[in-house]
Amino acid sequence: MALVLFLPFAAWAKPQLQCIFEVNSEIHHRVFALASDPYTVEGVPIGNRFRFKAIVLGEGAHVESVNLYVYYNTRRQPMVMQHTQFLQPKVVNAAAEDALTGRVSVYSPLLGKELMYRCALQEVSQ
């Protein structure tokens, strides 16, 4: 007789941050995985004027914090426009695209260009 071991589905599910960005009538989708070291996380370009960095700290299925940074690209270096922190955020299973952040709009300091984003922390099967 063979012994069959069933593990709960959550053992194969990991949280990840899924974000949707709208800038210059373009839509960008980005996914950010859990990280254990915030200094190794790199920002990603959104359009050619903005940069976005999401640091999702945690281990396994537990998320300790989510830090979101929006940068505006200047000639010298990126300039921080917004920093948002979520401590022990809830992971949702629903399909709500804005479950964590809601809809957020940020405007560039020089030309007033708009970056709109929404993010949700969701479990994804591995």
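The values are calculated or read from the model by the stated rules, or taken from the named source; none is laboratory data. These figures come from a predicted structure and were not determined experimentally. Backbone-built Cβ (ideal geometry, glycine too); neighbour counts: all protein chains shown.
A few notes on this one:
- Of all residues in segment 77-118 being touching a Gly at 6+ places or on another chain (Cβ under 9 Å) and not basic (Lys, Arg), the one that is surrounded by the fewest Cβ atoms within 10 Å (Cβ to Cβ): 78
- Sub-6 Å Cβ pairs linking a first residue in segment 4-31 that is more than 17 Å from residue 90 (Cα to Cα) and acidic (Asp, Glu) to a second residue that is modelled with pLDDT of 95 or more and assigned to a strand (DSSP E or B), at least 6 apart or interchain, are 22/116, ordered by first then second residue.
- Residues satisfying the stated conditions in segment 95-109, i.e. part of a loop (DSSP other than H, G, I, E, B) and in contact (Cβ under 8 Å) with a residue 12 or more places away in the chain: 96, 97, 98, 99, 100, 101, 102, 103, 108, 109
- Enumeration of residues in segment 53-68 that are buried (at least 16 other Cβ atoms within 10 Å of the Cβ) and either part of a loop (DSSP other than H, G, I, E, B) or touching a Gly at 6+ places or on another chain (Cβ under 7 Å) (or both): 53
- Looking only at segment 23-43, and only at residues there that are under 16 Å from residue 63 (Cα atoms) and surrounded by 15 or more Cβ atoms within 10 Å (Cβ to Cβ), the one that is nearest to the chain's Cα centre (by Cα): 32
Residues are listed down the side, and each one gets a yes or a no for (1) aliphatic (A, V, I, L, M); (2) under 14 Å from residue 120 (Cα atoms); (3) modelled with pLDDT of 90 or more:
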position: 7; (1), (2), (3): yes, no, no
position: 55; (1), (2), (3): yes, yes, yes
position: 63; (1), (2), (3): yes, yes, yes
position: 68; (1), (2), (3): yes, yes, yes
position: 83; (1), (2), (3): no, no, yes
position: 89; (1), (2), (3): no, yes, yes
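- Verdict on residue 121 being touching a strand residue (DSSP E or B) at 6+ places or on another chain (Cβ under 9 Å), under 15 Å from residue 16 (Cβ atoms) and touching a residue at least 12 places away in the same chain (Cβ under 8 Å): yes
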